[in-house]
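The values are calculated or read from the model by the stated rules, or taken from the named source; none is laboratory data. From a predicted model like this one, the values you see are computed outputs, not experimental measurements. Cβ placement follows ideal geometry from the backbone for every residue including glycine, while neighbour counts extend to all protein chains displayed. Heavy atoms of the whole protein, side chains included, go into the accessibility calculation; ligands, DNA and RNA do not. Shrake-Rupley method; radii C 1.70, N 1.55, O 1.52, S 1.80 Å.
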Amino acid sequence: QCQLDGLWRNDQDSLMEISVLRDNGDFQGQYFTRVTLSGDCAQISPLRGAQQQLGEEGWPTFAFTVRWDKFSNATTAFVGQCFVDAGGKETLSTMWLLREAVGSLEEDWKATR
């Protein structure tokens, strides 16, 4: 069974640390991204999320948000599932949507990636 708490690295060399995983599935941590909208160097941002609670079997689904408040006026929502391969390696498979602040309703079309 997958355990979300701990340190994770993605294919862009960013790091996510889930340091608090509560019994009800809520979790928090920090995201250390090497990819920024502004082109700045790596930044640490807070994350909060929830994991679907499962019994002894199954691989949990989860969702979390990252607030990029230190270098960008944007928020990203991630959803995913944790898998374990035959060798015991845990992998998080995720999709994300990033919402960037825009100055008007007319610019809303370009605010989500």
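In the complete set of protein chains, residue-level accessible area for V84 is approximately 40 Å², probe 1.4 angstrom. Set against the labelled values (i) 1.04; (ii) 1.01; (iii) 1.94, Rg/Rh (Cα atoms, Kirkwood Rh) computed from this structure falls on (ii). The magnitude of the dipole of the chain, with charges of +1 and -1 set on the Cβ of Lys/Arg and Asp/Glu and taken from the Cα centre, is near 240 debye. For segment 101-107, 3J(HN,Hα) computed residue by residue from phi via the Karplus equation (6.51, -1.76, 1.60; θ = phi - 60°) reads 5, 10, x, 7, 5, 5, 8 Hz, glycine and proline entered as x. Rolling a 1.4 Å probe over the protein heavy atoms gives the chain an accessible area of 65 Å² per residue. Here the chain exposes an accessible surface that is 49 percent carbon and sulfur, computed with a 1.4 Å probe and the other protein chains kept in place.
For the pair W59 and N10, label points projected 7 Å from Cα toward Cβ lie 1.8 nm apart. Within the assembled protein chains, the solvent-accessible surface assigned to R99 is about 100 Å², based on a 1.4 Å probe. Taking a point 7 angstrom from the Cα of I44 along the C-beta vector, which residues in segment 1-33 have backbone N less than 19 Å away? From segment 1-33, the list is 5-10, 13-21, 27-33.
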